[in-house]
1. At q = 0.22, 0.23 Å⁻¹, what base-10 log of I(q)/I(0) does the Debye formula yield for region A:1-96 when every alpha carbon is treated as an equal point scatterer in vacuo?
2. Kindly write out, for region A:106-114 in residue order, the coupling ³J(HN,Hα) from the Karplus curve 6.51 cos²θ - 1.76 cosθ + 1.60 (θ = phi - 60°), rounded to whole Hz, with x marking Gly and Pro.
3. Which trypsin sites (Lys or Arg not before Pro) does region B:32-113 hold that lie in a coil by DSSP with at most 15 other beta carbons within 10 Å?
4. How much net charge surrounds A:D84 when only the other residues with a Cβ under 13 Å from the Cβ of A:D84 are counted, with Lys and Arg +1 and Asp and Glu -1?
5. Just need the relative contact order of region A:26-67 here, percent rounded to a whole number, with Cα pairs under 8 Å and 6+ apart.
6. For chain A, what is the accessible area per residue in Å² when the probe is 1.4 Å?
7. Could you run the numbers on buried accessible area between B and A, total for both chains, 1.4 angstrom probe, in Å² to the nearest 100?
8. Calculate the mean, over all residues of peptide B:30-37, of how many other protein chain Cβ atoms lie within 10 angstrom of the residue's Cβ.
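The values are calculated or read from the model by the stated rules, or taken from the named source; none is laboratory data. Worth saying up front: this structure is predicted, and the values here are computed from it rather than measured. Glycine also receives a Cβ, built like all others from the backbone with ideal geometry; neighbour counts cover every protein chain displayed. Accessible surface is based on the protein model in full, side chains and every heavy atom, while ligands, DNA and RNA are left aside. Shrake-Rupley method; radii C 1.70, N 1.55, O 1.52, S 1.80 Å.
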Amino acid sequence: GNSVTQMEGPVTLSEEAFLTINCTYTATGYPSLFWYVQYPGEGLQLLLKATKADDKGSNKGFEATYRKETTSFHLEKGSVQVSDSAVYFCALSDRTGANSKLTFGKGITLSVRP
Amino acid sequence: DAEITQSPRHKITETGRQVTLACHQTWNHNNMFWYRQDLGHGLRLIHYSYGVQDTNKGEVSDGYSVSRSNTEDLPLTLESAASSQTSVYFCASSELKLAAEQYFGPGTRLTVT
């Protein structure tokens with residue numbers, strides 16, 4: 001079955017530091033890949049996505065590239081801000097139809113200190 | 001603006017009681033989903049629906065049921081609440097298309113004592 005593996009957390013960074021959060025996946029075929037973010041006390045919201053190999057998703061300074069050869073979708077940001085403190089989830093959706101059922105990783109908590 | 005709402009936001013109940021969590025969306029989405037969020041497990045899918053009268057089991061469906069009588073609502077029922085069902089529950093909806101974004105509600109924190 002499908003699965004998503006995220007690096008262990010939590011992660012604590014200073015403001016303006018570089019961020020990398022690793023995500024690898026196992027899936028049949030060629031899934032679509034997502035990063036969702038959950039701010040404290042809220043539901044999840046889509047941060048970015050990529051639907052085919054070598055696609056790069058980007059939003060709010062975050063980027064992730066769909067790497068089929070390494071089955072990875074690592075999240076990066078060049079300079080984090082305190083407001084980026086949140087829980088980040090990597091997820092995949094298989095391409096067995098037009099339905100968007102997601103498989104999530106366990107999530108990682110990012111704390112950014114001033 | 002379209003939205004997805006959940007009620008109640010917080011609920012405390014006793015073991016063995018039946019509990020229903022409401023989810024209502026005004027996006028007019030075909031797809032609706034229920035997840036539970038637990039530390040160390042991320043989000044796990046409980047049930048999902050691809051349209052009216054359609055329901056499907058997710059990976060952790062035991063002890064839960066759903067019904068879909070209209071497009072807007074997908075209530076989640078815990079038939080006989082157990083302490084293991086203490087969790088935060090999220091409802092989500094999406095369009096019926098490939099790689100569609102899921103829109104999440106604010107969550108319901110359920111405590112079973």
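1. -1.15, -1.24
2. Whole-Hz 3J(HN,Hα) from phi for region A:106-114: 6, x, 9, 8, 10, 10, 10, 9, x.
3. B:K97
4. Within the 13 Å Cβ shell, the charges total 0.
5. 29 percent
6. 47 Å²
7. Approximately 1800 Å² gets buried when B meets A.
8. 3
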